[in-house]
Amino acid sequence: MGARRRHSSRRAQVLVGAFLLSLVLFAAPDARAERAGAFDFYVLSLSWSPSYCARSGRNADPRQCRAAKPHRFIVHGLWPQYERGYPDFCDGSGPRDPSYETVRDMLDIMPSRDLVRHQWRKHGSCSGLAPDAYFDLTREAFAKIRIPAAFRTIESGSRMDAGAVETAFRLANPGLDDGAMAVSCQHGRLSEVRICLTRDLEFRSCRAVDRRGCRQRQIHVPAPR
């Protein structure tokens, strides 16, 4: 009888230990996510502005969708990433919003004040950088990417394979391969091109991001208006 009790006690201890270990394992990513600057690489997300404008309709930001010169690819954001998952809305000692001047200076490549502020709160706060430095790095990352000629000159809508979009970016950017980017689509339209960069802004592979790419055979690429 005593032996059975000791066996039951040991079994209970093992179960409790396993339970506590599981709590530690599940809590670890959350604890890491709260530490600004603790991440593995960046994703530069380039949004095809005509798709956003078509999707958002009257709710679209007029600065972006009613500009005198229609926007094409714009910067959606520069996102700190883990190898799996990503941190967001990190706690820190930085300001809640970037300064008016910082927001204004980004409007040529991020033509929405709300977008700039949101990107700082959600992603920039996890970079470990001050707002000015974070947006300077965002501009540097964007300047590194050469937009394929087809997207710089397109005047009418077209349909294409998502793989063709990747191919166009790969050919325009030596060193960028298919495993370092992903094409995103929404409602049958080209939404974004996401490019993976090291913390030093060099191209790098990113399987988790690549796996989330668009799987549709044909996507619509709306023309700028």
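What shape does region 35-221 take by its C-alpha gyration tensor, where a ≥ b ≥ c are the square roots of the eigenvalues and a/c under 1.5 counts as rounded, a/b above b/c as prolate, and the rest as oblate? Since a/c reaches 1.5 but b/c is at least a/b, the shape of region 35-221 is classed as oblate. Among 163-170, 99-106, the peptide with the highest mean count of other Cβ atoms within 10 Å heads the list, and the full ranking is 163-170, 99-106. Packing, taken as the mean count of other beta carbons within 10 Å per residue, orders the peptides 154-161, 74-81 from highest to lowest as 74-81, 154-161.
Sorting the segments 186-193, 140-147 by their residues' average number of neighbouring beta-carbon atoms within 10 angstrom, most packed first, yields 186-193, 140-147.
We did not get these values from a lab; they are worked out from the coordinates using the rules stated. Bear in mind the structure is a predicted one, so any value in this text is a computation, not a measurement. We place every Cβ from the backbone using ideal geometry, glycine too, and count neighbours over all the protein chains shown.
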